[in-house]
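This report refers to the structure that appears directly beneath it.
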Amino acid sequence: AGGEAVGAELERGLARAVAAIEAEHDWLSKAALAAKVMAHVTSSTQKKLLNLSYDWLQTFLPHTLAKVNRVSFGLLGPADCHAALQEDPNVPRSRLKLAVPFVGKDVPSKSSEFAHPDII
């Protein structure tokens with residue numbers, strides 16, 4: 001049993017080392033390609049723009065695409081209006097057409113008709 005545990009640990013260590021080497025190889029391949037592209041760009045302004053666009057594509061674009069739009073601030077949608085009427089049939093009709101301030105994520109405040117200073 002002890003020999004199997006040591007063998008499994010060695011196997012995991014080897015797999016991590018291989019993955020690290022593959023990642024390094026991929027990075028070096030990309031660096032070599034980037035060097036070839038940069039060799040053909042003569043203007044320093046174009047090089048700066050290329051670097052800036054690379055940074056935006058590698059950092060900002062994945063961050064932006066990873067955002068989840070679960071809260072829609074503003075007017076209530078048709079499903080939200082129906083749910084508000086089901087919860088409280090006496091809800092003012094003007095409430096259904098006003099922008100909704102939120103107490104927390106996905107939770108509009110109970111007195112949100114007149115609670116927000118921008119609405120008044």
Using DSSP to call loops (not H, G, I, E or B), can you name the trypsin sites (Lys or Arg not before Pro) in region 24-67 whose Cβ has at most 12 other Cβ atoms within 10 angstrom? 67
Approximate spin-label separation residue 21-residue 5, in nm, with each point projected 7 Å along Cα-to-Cβ: 2.8 nm
Note, residue 16: beta-carbon cut-off 12 Å, +1 each Lys/Arg, -1 each Asp/Glu, net -2
State the number of lysine pairs found in region 1-93 whose Cα atoms come within less than 20 Å, restricting to pairs 8 or more positions apart or on distinct chains. 4
Low-density loop chymotrypsin sites (Phe, Trp or Tyr not before Pro), region 1-96, at most 16 other Cβ within 10 Å, DSSP non-H/G/I/E/B, are 73
Would you rank 98, 75 by solvent-accessible area, highest first, keeping every protein chain in place and using a 1.4 Å probe? 75, 98
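The values are calculated or read from the model by the stated rules, or taken from the named source; none is laboratory data. Note that the structure is predicted; figures quoted are calculated from it, not measured. Ideal geometry is used to build each Cβ from the backbone, glycine not excepted, and the neighbour counts take in all protein chains shown. What goes into the accessible areas is simple: the full protein's heavy atoms, side chains included, and nothing from ligands, DNA or RNA. Shrake-Rupley method; radii C 1.70, N 1.55, O 1.52, S 1.80 Å.
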